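> Here's a structure for you.
What follows draws every value from the coordinates through simple rules; no lab data is involved. Treat the numbers as computed from the prediction; the structure is a model and nothing was measured. Because the Cβ atoms are built from the backbone with ideal geometry, glycine has one as well, and the counts that use them run over all protein chains shown.
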Amino acid sequence: MGNGFEPTASSADVARAAQGAVAARPKTTVPLRALARLKSGARWFYWVAGLSLVNTAATFAGGHVHFVVGLGITQVVDLVARKAGAAALLPALVIDVMIAGAFLILGLWSSRCNQFAFGAGMLLYAADGALLLLAHDWLSVAFHGLALFYMYRGYAAAQQLRGLAELGRARASASMG
């Protein structure tokens, strides 16, 4: 103990251990990080859907506060319904739930590594951001940009994971044949 006579590993043992650690790292951390980015990007669709419905509830309750991550299109539907009167509230709520439901489905598909769902969701959310840009809701536009950035990171992670899966299948079929 501390007297200098403890057994030590040879430099070859250290090199082999380091080489094994470096070789193991890409196999484990890269997919885990990509999977974390994928899930994080997909969760934004859930937040958008949920906060859009909260905005709807606040609007129907007479409030003037909204979450900036929510959808501008549901806000337009809600304001038109409020101006049209009580008879328009139920149809507006149905429309809002359908729109939010679409974002929930996009989130579910995106979390399953579906690049099309990510792309379609980002396109719809960018169009919604353009609507908010026309309304000069700068804070909502900024948050739409932030959400789109994280959604894109999820999309890129889905691409990376798909590429790793294809590489794994190619290696497996090459080793069999």
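> I need the full set of residues from segment 139-157 which are under 17 Å from residue 107 (Cβ atoms), buried (at least 19 other Cβ atoms within 10 Å of the Cβ) and not hydrophobic (A, V, I, L, M, F, W, C), in order please.
144, 154, 155
> Show the residue pairs meeting these rules: Cβ distance below 6 Å; 6+ apart or different chains; first residue within segment 148-165 and free of Cβ contacts under 8 Å to residues at least 40 places away in the same chain and over 12 Å from residue 119 (Cβ atoms); second residue surrounded by fewer than 15 Cβ atoms within 10 Å (Cβ to Cβ) and of a type outside the set (Lys, Arg).
Qualifying pairs under 6 Å: none.
> Then there is this: Going by the conditions given, is residue 60 under 22 Å from residue 130 (Cα atoms), surrounded by 12 or more Cβ atoms within 10 Å (Cβ to Cβ), in contact with a Leu (Cβ under 7 Å, 6 or more places away or on another chain) and not charged (D, E, K, R)?
On the way: under 22 Å from residue 130 (Cα atoms): no; surrounded by 12 or more Cβ atoms within 10 Å (Cβ to Cβ): yes; in contact with a Leu (Cβ under 7 Å, 6 or more places away or on another chain): yes; not charged (D, E, K, R): yes.
Judged against the criteria, residue 60 is not a match.
> Moving on to the next point. Run down 106, 132, 124, 161 and say which single residue is touching a Cys at 6+ places or on another chain (Cβ under 7 Å) and crowded, with 18+ Cβ neighbours inside 10 Å. Explain how you work it out, then say what you get.
Values: 106 fails: touching a Cys at 6+ places or on another chain (Cβ under 7 Å); 132 fails: touching a Cys at 6+ places or on another chain (Cβ under 7 Å); 124 fails: touching a Cys at 6+ places or on another chain (Cβ under 7 Å).
Result: 161 is the single residue among 106, 132, 124, 161 that is touching a Cys at 6+ places or on another chain (Cβ under 7 Å) and crowded, with 18+ Cβ neighbours inside 10 Å.
> Before we move on, is residue 127 over 19 Å from residue 36 (Cβ atoms) and over 14 Å from the mean Cα position of the chain (by Cα)?
yes
> Here is a list of conditions, (1) outside any helix (DSSP H, G or I); (2) surrounded by 14 or more Cβ atoms within 10 Å (Cβ to Cβ); (3) not small (Gly, Ala, Ser), and residue 65 meets all of them except one; can you say which number that is?
Condition (2) is where residue 65 drops out.
> Hey, can you tell me all the residues within segment 34-52 that are surrounded by fewer than 22 Cβ atoms within 10 Å (Cβ to Cβ), within 19 Å of residue 129 (Cα to Cα) and touching a residue at least 40 places away in the same chain (Cβ under 8 Å)?
43, 46, 47, 50 - these are the residues of segment 34-52 that are surrounded by fewer than 22 Cβ atoms within 10 Å (Cβ to Cβ), within 19 Å of residue 129 (Cα to Cα) and touching a residue at least 40 places away in the same chain (Cβ under 8 Å).
> Taking residue 95 as the residue in question, decide whether it is over 26 Å from residue 34 (Cα atoms) and touching a residue at least 24 places away in the same chain (Cβ under 8 Å).
no
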